[in-house]
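The values are calculated or read from the model by the stated rules, or taken from the named source; none is laboratory data. Model, not experiment: these values are computed from the prediction. Every residue, glycine among them, receives a Cβ derived from its backbone with ideal geometry; neighbour counts consider all protein chains shown.
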Amino acid sequence: MFGDRVNDTVILRIEDSACIPFDPANTDYQEYLKWLAEGNEPLPADEPTEG
Amino acid sequence: MSLLKANSVQIGQSATATQNFTLSVPSSPDGTIKLARGNSGATTQDILSVNSSGAVTINNMSNQSFRNRIINGDMRIWQRATSYNMTASWAYGSVDRWICTSSPSASGFFNRSTSVPTGFQYSVQMGRTAASTVTSPIQCVQAIESVNCYGLQGQTVTLSFWARAGANFSSSGGILYSGFGTGTVADQAASSFYSWTGSTLQGQNNTLTTTWTRYTYTATIASDVLEVGIVFSYTPTGTAGADDSVYITGVQLEAGSTATEFERRPIGVEMMLCQRYCWRMSSASTTKIFFQGYMLHLGQLEGFVPFPVPMRTQPTMTSSPVSQFSLRIVNTVITALSLYATGGEFEPYTGVLLYTANPTTGNSVGVGQSLVSNSSTATFIQFNAEL
């Protein structure tokens, strides 16, 4: 389960509050893309916005 | 040149201490100098050769540095934890660079052990929780980054490792499977080891005993392979006893058909190799400083965190609960810790910006500030760029 973006380049993973960068080589980001492709949508994230 | 005795040749005069000796061959038609085995002039095995361009080839280079493609094969680095309960999904939980699972039902653990063969400090104990009746396969994998696999393409390679069975190892026949899988697409995730594009799996069943034994397996890797991974697995049976596990250490994968002595790299080197994939800042004291920065806003500290080595890719950041962090000067607990990541600014991934959400009380915009552990030795920030 993923939350919404915490900024323009990072997505939040709900279960462990991991901040995942939008990098195609990052395996967590690959999992996120796969999760999106399955028709899921991120939940709104309660995180600060960058700067 | 003189013949001293049978099988011993001396070149030059021993009494002439400064004399240089040259072993040369005509430059045409070959120009290669070889040291080889053979009888009556027939060569049966090349040992060392220097070709006409000066390139040196040494067969079976047992002393070559960095011949072991496995990182942390002797299980010395445990940044995340020294014990871990496996889940039904592949996950990195304890010993660096090794991902593990007990699937489809979780009943396994992946712990540090001091039971070792002579010459090693730690092994990994991979097993099933005592009294468990779950019989899901228990396994671990290390995936080798593709840039480190090119040299193995089309090569005969040898996997070697030390292993022993726990006193109640329940695998039928005492079998631990070991092998290596390959893929034809670069840097596929270790968690999809069995379904890599172009996947092949080669290995063998090893019959373990409770005595430490070194096992080896040699095979050939196809010339189009872009990724290689090592796997160990066993399937428990019945109800687990007190020690239904295997102990593994000294894992080595190298080019060639012979298992050479395990390559021992300095701890600092091995740590840096691991930190390309994972770096964990842990608080050994209750006031550890994690990073220093400045108050970008009253409610936001921003700071740059340099990595000890460039990471493989932009890393995922995780941390202990934010209640374990505070701002040092105003001593206020933060409410969020986040990652600001951009590839361009930090390539080749040498560091990252972190920022907090925090109470505004007592803060001033632009002043320096530190993020510290809030009286806890369990506080951590971790960066993960694993495959």
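At-a-glance table
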read-out: Tally, over the range B:275-288, of residues that are assigned to a strand (DSSP E or B) and not aliphatic (A, V, I, L, M); value: 4
read-out: Any hit, the range B:350-373, residues being free of Cβ contacts under 8 Å to residues at least 40 places away in the same chain and more than 25 Å from B:Ala189 (Cβ to Cβ); value: yes
read-out: Meets criteria (surrounded by 18 or more Cβ atoms within 10 Å (Cβ to Cβ) and either within 24 Å of A:Glu31 (Cα to Cα) or facing chain A (nearest Cβ under 10 Å) (or both)) for B:Leu387; value: yes
read-out: Answer from B:Phe346, B:Phe304, B:Phe290 - the residue that is at pLDDT 95 or above and touching a strand residue (DSSP E or B) at 6+ places or on another chain (Cβ under 7 Å); value: B:Phe290
read-out: Matching strands (runs of 3 or more DSSP E) fully within the range B:64-161 where at least 1 residues are among the basic types (Lys, Arg) and over 20 Å from B:Cys274 (Cα atoms); value: B:123-128
read-out: Test for B:Leu296: is it farther than 22 Å from A:Arg13 by Cα, in contact with a strand residue (DSSP E or B) (Cβ under 8 Å, 6 or more places away or on another chain) and within 14 Å of another protein chain (Cβ to nearest Cβ); value: yes
read-out: In the range B:239-292, the residues that are touching a Ser or Thr at 6+ places or on another chain (Cβ under 8 Å), among the hydroxyl-bearing types (Ser, Thr, Tyr) and surrounded by 18 or more Cβ atoms within 10 Å (Cβ to Cβ); value: B:Tyr247, B:Thr249, B:Ser283
read-out: Residue among B:Phe291, B:Phe304 that is touching a residue at least 60 places away in the same chain (Cβ under 8 Å), over 30 Å from B:Gln155 (Cα atoms) and assigned to a strand (DSSP E or B); value: B:Phe291
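Residue-by-condition table, conditions (1) more than 9 Å from chain A (Cβ to nearest Cβ); (2) closer than 27 Å to A:Asp4 by Cα:
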{"position": "B:Val333", "(1), (2)": "yes, yes"}
{"position": "B:Leu339", "(1), (2)": "no, yes"}
{"position": "B:Val352", "(1), (2)": "no, yes"}
{"position": "B:Asn363", "(1), (2)": "yes, no"}
{"position": "B:Gly366", "(1), (2)": "yes, no"}
{"position": "B:Ser370", "(1), (2)": "yes, no"}
{"position": "B:Ser376", "(1), (2)": "yes, no"}
